Amino acid sequence: MEYGKLLSWKQEDNRFMIQFEEQQVILSVITPDIINFFVPCWDKEHYSKAIEGDKSQPCTVEASLENGQFRLSTDKLTVIIGDEFMTDVYDADGTLLLSDYRQGRTVKKTVSKQILDILQAEGHDISNLLRNDYKVLTVKALGKTECFYGLGDKTGFLNKRNYEYENWNSDIPQAHNEDYHALYKSIPFLICHREESTYGLFFDNTFHSYIDLGKENPEYFYYAADDGNLDYYFLGGSSMAEVIGNYTYLTGTTPLPQLWTLGYHQCRWGYECAEDIREVATMYRQLQIPCESVQYDIDYMDHFKVFTWNEEKYEKPGKLFAELGESGFKPVVIIDPGTKVEPGYSMYDEGMEHGYFAQDVNGETYVNEVWPGDAVYPDFGRQEVRDWWGEHHRFLTELGVRGIWNDMNEPASFRGELPKDVVFHDGERTTNHAEMHNVYGHYMSKATFDGLKKLTGKRPFVITRACYAGTQKYSSVWTGDNQSLWSHLQMLIPQLCNLGMSGFSLAGTDIGGFGADTTPELLTRWIEAAVFSPFFRNHSAKGARRQEPWQFGDEVVDIYRKYVELRYRFLPYIYDLFYQGEQNGLPVMRPLVLHYENDPKTYNLNSEFLVGENILVAPVLEQGATARMVYLPEGTWYDYWTGERIEGGCNILRGAPIDVCPMYIRGGSVIPMYEPVQYVGEKPYRKLMLLTTPMGGEWVHFHDNGEDYAYRQGAYTLYRFTVDADGTLTTTLMHDDYETYDQIEVVMIGK
Ligand code: GLC
């Protein structure tokens, strides 16, 4: 992209129009910490799908042009821009945070046609070798020490430095190894961290985009896209938590979920008939392993037609829901976007009549193939289509369905990818698949969320596979079709931590692995590692070994029960973290670097995580291991299982036989806990326990009906608990508009 010499600037409210010889650039000051850089090389509008409403706040800005350089300062940031739109960003102390790389990209990939043909013939992915000319590009200088976090569900490790990624939502049934640059989600939000500074970058462009974090050249990192505008936000903040707060201020926080959704879920593709589901549900109750839902995968539908019911295999609609509802099971069913082509099927007929499905360039309804065979794709970018789709959930909610699982919404297509020119809409604006691909799942989740909210009045429980930045406002996510591989268990921590730092707090993996065959040991270690995964579901694929815990004998069942019960004990703590996260954007599951950002030992720590600030979990992630090294950061820690006090700032060796997942409680914390139940709602929670350490501490605890929006009208209780070192509890009711507990018990670890 050419800009030329900087000529002039003018201001309109919080917008600063900077004129270069070849191009106009607009800077918008959103808050003192958030500045948008906008190059309208595609359209003069932003058309953000991630950000709803105007987020700009009044703030003091000083701007000037001196010696050919435009300078803009807020209380927190200073931006200096010169010719060719070369930009530097400084913090209020004058520390240089981000700098455009002056030399441009230095590596040109030139490979002869002959070599390309050979590589392609042998099945190699050559797309990477062809990328020399991106339409949208910005290249930033890379120092020696920056680490990168965020980017949603990308494969690999916590720190993304030295890798390249793509944003193009992709259905990947093969093992998700590091050579996959794109998975199901596109969340172009990056946290750049050095010991002395942190900032964020959010590239708000839904076209196929590319992020290279020092792989091409260790001196720079770049963002590029096939089309659209260069439209990025610089996000300041004095800590990583503040940067995440600023990002979620823009794109929205994960809303408080219903309490039961944080319990345990079981699924398999496929439980092929009602009897399969009944049997699994009954086993959970018999074995006394808590469980909220046995989820309904695609087989419950009549020929995979959405919003239908297969009575032949799944009995009368609603019968099983009512029966299993008596023992606390809440139905959650899958809904895919691909709508079967079948004249006479109401969804198809209605959609065709109103023109709700995407069309090809000739105005014919576009057909590809998904589970039902020939299928058409609802054009979810249109409000009218979302309303129509949302309303159709009535069929399910009236039967008692409590949650909707949206899948195959990259969108998946079995006869090759949808051509880029398939016509979609963004609101009333006509556009195409190239722009809307990465937000297909986003808008489908929005349709589901809005539909459920309207129909039930409860906080919608939506699970989606594909999404874009901002989808966290509508849906939880899981990481798609992983496999029963130790490497995928290991990826759980970086993947969920990066999703969390990208706004998606309510995220989980398929416990045990979806594809391939799990082993007793792998499943056991997975339930241990996943015990604090915000979305907590065991799921497996047709053809893979059955994966319910009882398939593996009594020892596995006992350990499995121990950890699922542990999850239910910590439910009030997890729920409190969601309550806080709705306000501050922080996830439940956090990498250590988020709270120990000045400790370089945490920067690449892939095998441990924090739950909030107070619990450190170091699961065993290696086959055969019965001990592991645990890094405890600065501070005092207490072994959850033994009560041993350990001074942090060191590595320790912890024995971890098959039934032990090493866990540590931070000295000074107070953690609310419940007695485990078989399911949320089995009995009212009358007693709260406060787990604390001999250092005492403080915690603010939120309690409400766990289901609807009454808390937003004030129907909740907010407690401040202060526990002294001797265990004396002082309780302050900060807000008192919901029931209070009958009993509060202090449990001091190690005593
Ligand atoms: C996809 C989903 C998986 C589901 C299957 C059948 O592969 O990722 O979770 O079970 O489709 O619906």
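The values are calculated or read from the model by the stated rules, or taken from the named source; none is laboratory data. None of the values given here were measured: they were computed from a predicted structure. Neighbour counts run over all protein chains shown; Cβ positions are idealised from the backbone, glycine included. All accessible areas refer to the heavy atoms of the entire protein, side chains included, with ligands and DNA or RNA removed. Shrake-Rupley method; radii C 1.70, N 1.55, O 1.52, S 1.80 Å.
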Out of (1) in contact with a Lys or Arg (Cβ under 8 Å, 6 or more places away or on another chain); (2) in a loop (DSSP other than H, G, I, E, B); (3) more than 16 Å from the ligand (Cβ to nearest atom); (4) not hydrophobic (A, V, I, L, M, F, W, C), the one residue 328 does not meet is (1)
Mind checking which residues of the range 274-308 are within 16 Å of the ligand (Cβ to nearest atom) and open to solvent by 10 Å² or more (accessible area, probe 1.4 Å)? 276, 297, 299, 302, 303, 304, 305, 307, 308
Please identify the pairs in which a residue from the range 68-97 that is free of Cβ contacts under 8 Å to residues at least 40 places away in the same chain has its Cβ atom under 6 Å from the Cβ atom of a residue that is among the acidic types (Asp, Glu), counting only partners at least 6 apart or on another chain. 73/62; 80/88; 86/100
Whichever residue in the range 400-414 is open to solvent by 10 Å² or more (accessible area, probe 1.4 Å) and charged (D, E, K, R) and, among such residues, is farthest from the ligand (Cβ to nearest atom): 402
Which numbered condition residue 255 misses (of (1) in contact with a strand residue (DSSP E or B) (Cβ under 9 Å, 6 or more places away or on another chain); (2) open to solvent by 20 Å² or more (accessible area, probe 1.4 Å)): (1)
Pairs please, first residue from the range 1-14 and at pLDDT 95 or above, second anywhere and open to solvent by 80 Å² or more (accessible area, probe 1.4 Å), Cβ atoms under 6 Å, 6+ apart in sequence or on different chains. 3/22; 4/21; 4/22; 5/21
Got at least one residue in the range 136-143 being open to solvent by less than 60 Å² (accessible area, probe 1.4 Å), modelled with pLDDT of 95 or more and either hydroxyl-bearing (Ser, Thr, Tyr) or farther than 26 Å from residue 168 by Cα (or both)? yes
Could you check, for the range 422-439, whether at least one of its residues is under 18 Å from residue 338 (Cα atoms), open to solvent by 10 Å² or more (accessible area, probe 1.4 Å) and within 16 Å of the ligand (Cβ to nearest atom)? no
Would a scan of the range 240-247 turn up a residue that is farther than 30 Å from residue 468 by Cβ, in contact with a helix residue (DSSP H, G or I) (Cβ under 6 Å, 6 or more places away or on another chain), touching a residue at least 60 places away in the same chain (Cβ under 8 Å) and more than 16 Å from the ligand (Cβ to nearest atom)? no
Which one is most open to solvent (accessible area, probe 1.4 Å) among residues in the range 166-179 that are away from the ligand (no atom under 13 Å from the Cβ) and farther than 13 Å from residue 481 by Cα? 179
What single numbered condition from (1) within 15 Å of the ligand (Cβ to nearest atom); (2) out of contact with any Ser or Thr (no Cβ under 8 Å at 6 or more places or on another chain); (3) farther than 27 Å from residue 562 by Cβ fails to hold for residue 467? (2)
Considering only the range 445-480, state which residues are open to solvent by less than 20 Å² (accessible area, probe 1.4 Å) and in a helix (DSSP H, G or I). 445, 447, 448, 451, 452, 471, 472
For the range 180-218, which positions are within 16 Å of the ligand (Cβ to nearest atom) and not in a strand (DSSP E or B)? 180, 182, 183, 184
Whichever residue in the range 358-385 is open to solvent by less than 10 Å² (accessible area, probe 1.4 Å) and of a type in the set (Phe, Trp, Tyr) and, among such residues, is farthest from the chain's Cα centre (by Cα): 377
Could you grab me the full set of residues in the range 573-605 that are in contact with a helix residue (DSSP H, G or I) (Cβ under 9 Å, 6 or more places away or on another chain) and closer than 14 Å to residue 262 by Cβ? 574, 575, 578, 579, 581, 587, 588, 589
May I ask you to verify whether residue 563 is of a type in the set (Ser, Thr, Tyr) and touching a Phe, Trp or Tyr at 6+ places or on another chain (Cβ under 9 Å)? no
Within the range 702-715, can you find the residues that are out of contact with any helix residue (DSSP H, G or I) (no Cβ under 8 Å at 6 or more places or on another chain), touching a residue at least 12 places away in the same chain (Cβ under 8 Å) and of a type outside the set (A, V, I, L, M)? 708, 709, 711, 714
Residues of the range 496-538 classified as open to solvent by 10 Å² or more (accessible area, probe 1.4 Å), more than 15 Å from the ligand (Cβ to nearest atom) and of a type outside the set (Ser, Thr, Tyr), total: 4
Go through (1) more than 16 Å from the ligand (Cβ to nearest atom); (2) open to solvent by 10 Å² or more (accessible area, probe 1.4 Å) for residue 545 and report which single condition fails. (1)
From (1) at negative phi; (2) at pLDDT 95 or above, pick out the condition that doesn't hold for residue 697. (1)
All positions within the range 481-495 that are over 21 Å from residue 167 (Cα atoms), open to solvent by 10 Å² or more (accessible area, probe 1.4 Å) and of a type outside the set (Ser, Thr, Tyr): 483, 485, 486, 490
Can you confirm whether the range 18-26 contains a residue that is without any contact (Cβ under 8 Å) to a residue 40 or more places away in the chain and hydrophobic (A, V, I, L, M, F, W, C)? yes
Taking the range 80-112 and the residues there that are of a type in the set (Val, Ile, Thr) and out of contact with any Lys or Arg (no Cβ under 7 Å at 6 or more places or on another chain), the one that is most open to solvent (accessible area, probe 1.4 Å) would be 110
Which of the strands (runs of 3 or more DSSP E) found entirely inside the range 575-682 contain at least 2 residues meeting this: touching a residue at least 60 places away in the same chain (Cβ under 8 Å) and surrounded by fewer than 16 Cβ atoms within 10 Å (Cβ to Cβ)? none
Checking residue 226 against (1) buried (at least 21 other Cβ atoms within 10 Å of the Cβ); (2) in contact with a His (Cβ under 6 Å, 6 or more places away or on another chain), which test does it fail? (1)
